[in-house]
Amino acid sequence: MIQGKIYLVPVPLGGSSMEVLSAKVIAMIHQLDTFVVENAKTARQLIKASGTAKAISQYQIVEIDRNSPLAAWPELYSLIKEGKDVGLMSEAGMPAIADPGSELVAQAHINRVQVVPLSGPNSMMMALMASGLPGQSFCFLGYLPAKKDALRQKIVSLVNEIRLNKRTYLFMETPYRNTQMMEMLLGHVPDQFTLCVAAGLETDKEYIHTYTIKQWKKTNDFNLLEDNPAIFVLAAMY
């Protein structure tokens, strides 16, 4: 029997319209019968919104534990060995990037399962291209430390790294801590550095601004950052 494949299926950001997905992605959602997801309820809502002709009950939804995603691998691999193609979905954007699904993709490669990526929304890449900051050499850091002292130390270290390697750095924060992140950046990053904040991408609360730290200090336009998923892009432009 021919072994199945894993398709990496992107989804809209922040509950935005399915129109942001390509016809190829929509067709694949309709074609697949089995999906591995973080949240079964939101996955079913998305599949239904895709306009599938199949009843939602016809789809097999395997939910993974964010803290132990590999626990789902035996069931997933069993389906693949039976010849079933499986779709891997994130809660937003592209799966397996800053996402627990990456562990399943790694396991697929270990077991010689073909992995098929599909293109779609990605908040990190969208923030970088909208920032106007150098993209030839960049690094995505995920979440920075949550505690203030550790965050301050990380930002100071990051400033030194940027001075040394001239690289652009991207990171994100839990929405309710966005204001704290801005305060720490404005307090510990040199005035001449440049910061882009890209929040609420592909939603009606979209907010994308690039200023020097000195310019940011003169603006108090942080209201749209409240409870709005954000990507921070930091570089030295001098």
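Numbers for the structure displayed
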| quantity | calculated |
| --- | --- |
| The chain: angle of helix 101-110 to the longest principal axis, Cα-based, in degrees nearest 10 | 60 |
| Listed peptides 107-117, 2-12 by packing density, highest first (mean Cβ within 10 Å) | 2-12, 107-117 |
| Lysines with Cα under 20 Å of LYS5, excluding same-chain neighbours fewer than 8 positions away | LYS24, LYS81, LYS84 |
| Principal axes of the stretch 6-117: Cα extent on each, largest first, Å | 35, 28, 23 |
| Cross-link partners of LYS214 among lysines (Cα-Cα below 27 Å; sequence separation of 8 or more within a chain) | LYS147, LYS148, LYS154, LYS166, LYS205 |
| Share of pairwise Cα separations in the chain, more than 30 Å, in percent | 34 |
| Per-peptide average of other Cβ atoms within 10 Å, ordering 120-128, 98-106 highest first | 120-128, 98-106 |
| Hz values of 3J(HN,Hα) by residue in the stretch 152-166 - Karplus curve (6.51, -1.76, 1.60), Gly and Pro given as x | 4, 4, 5, 5, 4, 5, 5, 4, 5, 5, 5, 4, 7, 10, 6 |
| On Cα atoms only, tilt of 178-188 relative to the major axis of the chain in degrees | 40 |
| Fraction of beta bridges assigned by DSSP in the stretch 1-116 that are antiparallel (%, nearest 5) | 5 |
| Structure-based [θ]222 nm, the chain - -39500 (n - 2.57) summed over DSSP H runs of at least 4, per residue, nearest 500 | -10000 deg cm²/dmol |
| Rel. contact order, % - alpha carbon contacts under 8 angstrom, at least six apart, the chain | 22 |
| For the stretch 169-175, 3J(HN,Hα) per residue [Karplus equation, 6.51 cos²θ - 1.76 cosθ + 1.60, θ = phi - 60°, Hz, x = Gly/Pro] | 10, 10, 8, 10, 9, 4, x |
| Beta bridges per DSSP with both ends in the stretch 123-236, % antiparallel, nearest 5 | 80 |
| Protection proxy ranking, peptides 193-205, 67-79, 34-46, 141-153, average beta carbon neighbours within 10 Å, highest first | 193-205, 34-46, 67-79, 141-153 |
| Karplus-derived 3J(HN,Hα), 6.51/-1.76/1.60, for each residue of the stretch 196-201, Hz, glycine and proline x | 10, 10, 10, 10, x, 4 |
| 5 angstrom amide H check on MET237, placed H, neighbours 5+ away | THR194 |
| Built amide H within the under 5 Å cut-off of LEU8, gap 5+ | LEU88, VAL116, LEU118 |
| Rounded to 5, percent antiparallel among DSSP beta bridges of the chain | 50 |
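Coordinate-derived values only; no laboratory data. These numbers come from a predicted model, not from an experiment. In this analysis, Cβ positions are derived from the backbone assuming ideal geometry, glycine residues included, and neighbour counts consider all displayed protein chains.
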